[in-house]
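Peer 1: Okay, handing you the structure first.
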Amino acid sequence: MTRKIITIFTVFFVFSFVAKAQLSYENRYERPLGTVLNEISERFNVRLSYEIDTIGKKLPYADHRIRPYSLEETLTNVLAPFDYKFVKQNDSYYKLKTYEYHRRSEEEGKKMLEYLIATYSDKNSWEQRKACLKKEIREKLDIDNLLSKRTNSKPILSKIRKYNGYTVQNFAIETLPGLYTTGSIYTPTRKGNHALIISPNGHFGHGRYREDQQQRMGTLARMGAVCVSYDLFGWGESALQVGSASHRTSAAHVIQLMNGITILDYMLTRKNIDKDRIGANGGSGGGTQTILLSALDDRFDAIAPVVMLSSYFDGGCPCESGIPVTTSCGGTNNAEIGALFAPKPMLVVSDGKDWTATNAEVEYPYLKKIYNFYGAENRVQNIHLPDEGHDFGINKRNAVYDFFASVFSLDKSKLDEKLVTIEPEEAMKSFGKNGELMPENAIRSFDALSEYFDKKLYAQLRSDLSLEKKSQDWVSSLNLTDEKDISFLNTLIYNHLRKVRDWHNDHPYTTVPEGINPLNGNKLTILDRQMIANSAKPKEIHETLMNGLRRVLTEEQVEHILDKYTVGKVAFTMNGYKAIVPDLTPKEEEFILKNLKQAREEAIDYKNMNQISAIFEIYKTKCENYLNENGRNWRQLYKDFVKKVNEEKEAKKKLENKN
Ligand code: ZN
């Protein structure tokens, strides 16, 4: 089936489908969701952009849901059965989205804090709420279970590198058997007992290796605090152990917190750490970790979550919200979890362009009320930067330096980021550039951790990891040297493979009605129906991949990747034609190659080998028709070829028998 035919099929089926779905009481007046949304767009004269899947979705009581006087009431009614929502962009443009469990509206965030503060009027009632949250957050994370299974083995430490006013040393600590958390310790050069700042990372590109992260660690060390920066689970050196797809899991949520606590345990066994000056500081996802670490471990004395504390956003990565901690004790949010730290010193840094935009008017006044229960209103600070966005820029770092200088009595005269040495990524790694120094007992797959978690939940993850490995293998076969290109391509191909798989799984052949293939009058096979279902996937899936490949690769390299998708079918099939038609003309060869390449590009959007072969079959038929139209007899050529092959086989057999 060519794309055209598939389109014809699709149209054909949509029509027959609509015809079957007559409006009647018995079918609950069902109509296709896509059709209803198109009509709404016309009726109210608005543009709707779709970040939702409408294929095969039927809306019960469709026309009953329309409110001619209100677009928004209509959309609410129409989208509700599918757990979809709309987000207004302007008066004539709305985005349709899937439900986001980790995000609410600003208004809802505000209402929630008003509701919460009304439930505790003084220190006593707050302390009861606090006890409930502290207990339930631990239970939901099941963190005590993981903490009890840790190995307690001695950390692996690198040589110490000396810089201006501080040193850096890499470490790898075995947490669960065979699983390591890796990072670097920044220590002030001068003697004495030092404050300690645990510094979990967020999702800013390059993680803990990025320049602004190193600047912050080095500067705070120069000012007199030991700082520890460590990889996210499935990022940096951890990716060598468990693969980067394992980061986007609920397991990452609790493992990262276990890592933070384990690093703190270890650091407190080292000399020259002042146990009364323990801090935590991180931005974005590192802010989420900072807030949670402070709720889980009473040893922290001061914290600074940056661009993260919000009443209406829990963090969009499963490493922040994969385990539903914000459903604890009847419902909470990161602002209330942050408030558990009262009355100890806390700095909240916020900006005008993300979910911390309301901090100055909503979250911060709320925090002050909680701190006030302890008469400690002045121990919580907010630096709000309304013109800035979601990053860890210089103004945010300066706020953090000022805060820790003040609460931990650091030496502010040593604040000079220019005196920090930015190290290359390799220098910061415990296991060497490609993990060659990884200990023998180190686990090499996320599967090795499945015993600690619900096995069923990890079926999808295993599939993700196998796609990730596939994309890495394909990219590495290109022998590229630019690390940025390699990581871009790994992600690009991995995302494409996943989208193709997910579409296939979400749109089984049963979503296409039974029917007759108009080409041959036969009943549609399951494969036909599956391919019709798959051919309806949004064009962007294909275009994003192809545009991305062409952006960084030569045309020859792009073809190499497409051949990987289709296991070299173009060359294999071409060789077949050459064998069957020994006197193939250059013109014929050109025609066949062009068509096989077209087949290849189409086939990459299909999930399995059966489907990929079916696409090639369509183009092969086209090629064979072409040969017939140009004076050849394909059937005869093929027959002769088979005969020749069989004769050769016979001859070979005879020869072998003689010998
Ligand atoms: Zn994450």
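The values are calculated or read from the model by the stated rules, or taken from the named source; none is laboratory data. Quick caveat, the model's predicted, so the values are computed rather than measured. Neighbour counts are summed over all protein chains in view; Cβ atoms, including those assigned to glycine, are modelled from backbone coordinates with ideal geometry. Surface areas here come from the heavy atoms of the whole protein model, side chains and all, with no ligands, DNA or RNA. Shrake-Rupley method; radii C 1.70, N 1.55, O 1.52, S 1.80 Å.
Peer 1: Which order do Ser535, Ser105 take when ranked by solvent-accessible area (1.4 Å probe, heavy atoms of all protein chains), largest first?
Peer 2: From most accessible down to least: Ser105, Ser535.
Peer 1: In whole Hz and in residue order, list the ³J(HN,Hα) couplings for region 104-117 that follow from phi through the Karplus curve 6.51 cos²θ - 1.76 cosθ + 1.60, θ = phi - 60°; x for Gly and Pro.
Peer 2: The phi angles translate into 10, 7, 3, 4, 5, x, 5, 4, 5, 5, 5, 5, 4, 5 Hz.
Peer 1: Can you find, among Ala252, Leu232, Gly279, the residue farthest towards the positive end of the dipole of region 200-292? Put +1 on the C-beta of Lys and Arg, -1 on that of Asp and Glu.
Peer 2: Comparing the listed Cα positions along the dipole, Gly279 ranks first.
Peer 1: OK, next. Kirkwood hydrodynamic radius, the chain, all distinct C-alpha pairs: what's the number in Å?
Peer 2: Values: mean 1/r = 0.0345 Å⁻¹.
Computed over the chain, the radius equals 28.9 Å.
Peer 1: Just to be sure I understand: of the beta bridges DSSP finds with both ends in region 46-99, what percent are antiparallel, rounded to 5?
Peer 2: Bridges in region 46-99 that DSSP calls antiparallel: roughly 60 percent.
Peer 1: How large is the accessible surface of Ser148 in square angstrom, using a 1.4 angstrom probe and rounding to the nearest 10?
Peer 2: 90
Peer 1: Can you check how the C-alpha radius of gyration of region 22-98 compares to 2.2 N^0.38 Å, as a plain ratio?
Peer 2: Details: Rg = 11.9 Å, N = 77, 2.2 N^0.38 = 11.5 Å.
Normalised Cα radius of gyration, region 22-98: 1.04.
Peer 1: Let me ask something else. Express in whole angstrom the spacing between the alpha-carbon centres of region 24-77 and region 151-215.
Peer 2: Rounded to whole Å, the Cα centres lie 54 Å apart.
Peer 1: Sorted by accessible area (1.4 Å probe), largest first, how do Leu492, Leu627 line up? Present the calculation step by step, with values, prior to reporting the outcome.
Peer 2: On the way: Leu492 20, Leu627 0 Å².
My answer, sorted largest first, is Leu492, Leu627.
Peer 1: Just report the Cα centroid separation between region 595-648 and region 298-355, whole Å.
Peer 2: Region 595-648 and region 298-355 have Cα centres separated by 60 Å.
Peer 1: Among all stretches of the chain without exposed GluC sites (Glu not before Pro) (DSSP loop, at most 13 other Cβ atoms within 10 Å), which one is longest?
Peer 2: 101-360
Peer 1: What area, in nm² and to one decimal, does the C-alpha convex hull of region 111-428 cast on average over all directions?
Peer 2: Hull-based average projected area comes out at 14.8 nm².
Peer 1: Still on this model: Hey, any idea what Rg/Rh is for region 143-229, computing Rh the Kirkwood way over Cα pairs?
Peer 2: Across region 143-229, the Cα-based Rg/Rh ratio is 1.01.
Peer 1: Now for a different question. Would you tell me the accessible area of Lys470, worked out with a 1.4 angstrom probe on the heavy atoms of the protein chains, in Å² to the nearest 10?
Peer 2: 90
Peer 1: Moving on. Considering all projection directions equally, how large on average is the shadow of the alpha-carbon convex hull of region 367-525, in square nanometres?
Peer 2: So the mean shadow area of the Cα hull is 21.1 nm².
Peer 1: Moving on to the next point. For the chain, with the dipole built from +1 on Lys and Arg beta-carbon atoms and -1 on Asp and Glu ones, taken about the Cα centre, which of Gln636, Ile160, Tyr186 lies farthest toward the positive end?
Peer 2: Comparing the listed Cα positions along the dipole, Gln636 ranks first.
Peer 1: Would you work out the charge dipole size for region 22-98 about its Cα centre, treating the Cβ of every Lys and Arg as +1 and the Cβ of every Asp and Glu as -1, and quote it to the nearest 20 debye?
Peer 2: 100
Peer 1: Label Arg190 and Ala459 with points 7 Å out from Cα along Cα→Cβ: what is the distance between them in nm?
Peer 2: 6.1
Peer 1: What accessible surface, in Å², does a 1.4 Å probe find on Ser409, ignoring ligands, DNA and RNA and rounding to the nearest 10?
Peer 2: It works out to around 90 Å².
Peer 1: For the chain, what is the accessible area per residue in Å², given a 1.4 Å probe and the full set of protein chains?
Peer 2: 48
Peer 1: Further, regarding this structure: Given an 8 Å cut-off on Cα distances and at least 6 residues of separation, report the relative contact order of region 575-634 as a percent.
Peer 2: 28
Peer 1: Using the crude model of +1 on Lys and Arg Cβ and -1 on Asp and Glu Cβ, and no other charge, please compute the dipole size for region 111-428 relative to its Cα centre, in debye to 20.
Peer 2: Once rounded to the nearest 20, the dipole reads 1020 debye.
Peer 1: Now a separate question. Using θ = phi - 60° and the Karplus form 6.51 cos²θ - 1.76 cosθ + 1.60, what ³J(HN,Hα) does each residue of region 643-655 get, whole Hz, x for Gly and Pro?
Peer 2: With coefficients 6.51, -1.76 and 1.60, one gets 4, 4, 4, 5, 4, 4, 4, 4, 4, 5, 4, 4, 4 Hz.
Peer 1: Using a 1.4 angstrom probe on heavy atoms only, work out the carbon and sulfur share of the accessible area of region 351-420 in %. Walk me through the numbers before you get to the answer.
Peer 2: Numbers: 1530 of 3260 Å².
Looking at region 351-420 in its full context, I get 47 percent from C and S.
Peer 1: Protein chains only, probe 1.4 Å: how do Thr326, Thr544 rank by accessible area, largest first?
Peer 2: Putting Thr326, Thr544 in descending order of accessible area: Thr544, Thr326.
Peer 1: Amide H to amide H under 5 Å from Leu59: which residues, 5+ apart in sequence or cross-chain, H placed 1.01 Å off N in plane?
Peer 2: Arg31, Leu33
Peer 1: Calculate the dipole size of the chain relative to its Cα centre from +1 charges on Lys and Arg beta carbons and -1 charges on Asp and Glu beta carbons; express the result in debye to the nearest 20.
Peer 2: 1120
Peer 1: Here's something else I'd like to know. Any chance you could check the Cα centroid distance between region 394-429 and region 525-559 for me, in angstrom?
Peer 2: One Cα centre to the other: 47 Å.
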